[in-house]
Amino acid sequence: DRILAAMSWRQYQPGDKIIEFEDQGHGMELVVSGQVRIQVPYEGRPRVIATSREGALVGERALYHKIHTTAEVIAQGAVTTPHMPAAAFHKFLAQIRPFREHIEHLVNLRAEWPTLKEILDRNPYLGFLPSRELERLLATGKIISLTAGDSLIKAGEMTTDVYVVIN
């Protein structure tokens with residue numbers, strides 16, 4: 001309830017910049033309707049690196065690391081988001097453990113995105129998934145770190161999880 005109370009509704013029209021490149025991180029947006037395009041500058045022109053629909057968080061990485069954004073987010077159609085200001089974001093990171101853990105997992109997963117995508121693209125089945133489906137697959141995962149001797153799956157154990165191993 002505290003998280004929702006700290007957010008305010010925003011409406012964007014097609015082509016509106018929701019987050020600008022090199023922005024100082026004024027807040028985080030949760031896309032609840034519409035679709036956004038995420039792009040980075042590449043050789044003097046914007047290069048689309050992802051498109052996201054409902055349920056996508058944008059802006060959390062720069063806020064979490066307290067850095068300028070490295071991408072811009074553009075509304076591809078009418079987009080509605082609840083916006084969380086940076087001050088509330090940092091307050092909730094410090095006060096609400098599940099919120100902090102979710103943001104940390106998401107930020108860590110996105111940091112490994114290029115490596116994970118490359119590995120999944122090499123898989124004979126997953127490599128044929130459209131980019132949007134790969135993004136959704138990765139967005140539901142989390143990074144697990146193991147040390148020598150740790151078990152990921154025990155012999156005879158039933159699991160419904162899928163693991164992508166990165167050295």
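The values are calculated or read from the model by the stated rules, or taken from the named source; none is laboratory data. Note that the structure is a prediction, hence the values are computed from the model and not measured. So basically every Cβ, Gly included, is an ideal-geometry build from the backbone, and we count neighbours across all protein chains shown. These accessible areas exclude ligands, DNA and RNA; they are computed on the full protein's heavy atoms, side chains included. Shrake-Rupley method; radii C 1.70, N 1.55, O 1.52, S 1.80 Å.
Which one of the conditions (1) modelled with pLDDT under 90; (2) within 24 Å of Leu134 (Cα to Cα); (3) loosely packed, with under 14 Cβ neighbours inside 10 Å; (4) more than 14 Å from the chain's Cα centre (by Cα) does Pro46 fail to meet, given that it meets all the rest?
(3)
Just to be sure I understand the filter: pairs with C-beta atoms under 8 Å, separated by 6 or more residues or on different chains, first member in region 24-37 and in a loop (DSSP other than H, G, I, E, B) and modelled with pLDDT under 90, second member surrounded by fewer than 18 Cβ atoms within 10 Å (Cβ to Cβ) and charged (D, E, K, R). Which pairs pass?
Cβ pairs passing all conditions: Gly25/Lys66.
Check off (1) out of contact with any helix residue (DSSP H, G or I) (no Cβ under 6 Å at 6 or more places or on another chain); (2) assigned to a strand (DSSP E or B); (3) touching a residue at least 40 places away in the same chain (Cβ under 8 Å) for Pro46 and give me the number that stays unchecked.
With respect to (1) out of contact with any helix residue (DSSP H, G or I) (no Cβ under 6 Å at 6 or more places or on another chain); (2) assigned to a strand (DSSP E or B); (3) touching a residue at least 40 places away in the same chain (Cβ under 8 Å), Pro46 is out only on (3).
Considering every residue within region 55-62, establish whether at least one is touching a residue at least 12 places away in the same chain (Cβ under 8 Å), surrounded by 13 or more Cβ atoms within 10 Å (Cβ to Cβ) and over 12 Å from the mean Cα position of the chain (by Cα).
no
Report those helices (runs of 4 or more DSSP H) wholly inside region 79-167 carrying at least 3 residues which are open to solvent by 70 Å² or more (accessible area, probe 1.4 Å) and small (Gly, Ala, Ser).
none
Hey, among the residues in region 64-78 that are over 18 Å from Ile49 (Cα atoms) and loosely packed, with under 14 Cβ neighbours inside 10 Å, which one's modelled with the highest pLDDT?
Out of the qualifying residues, it is Ala78.
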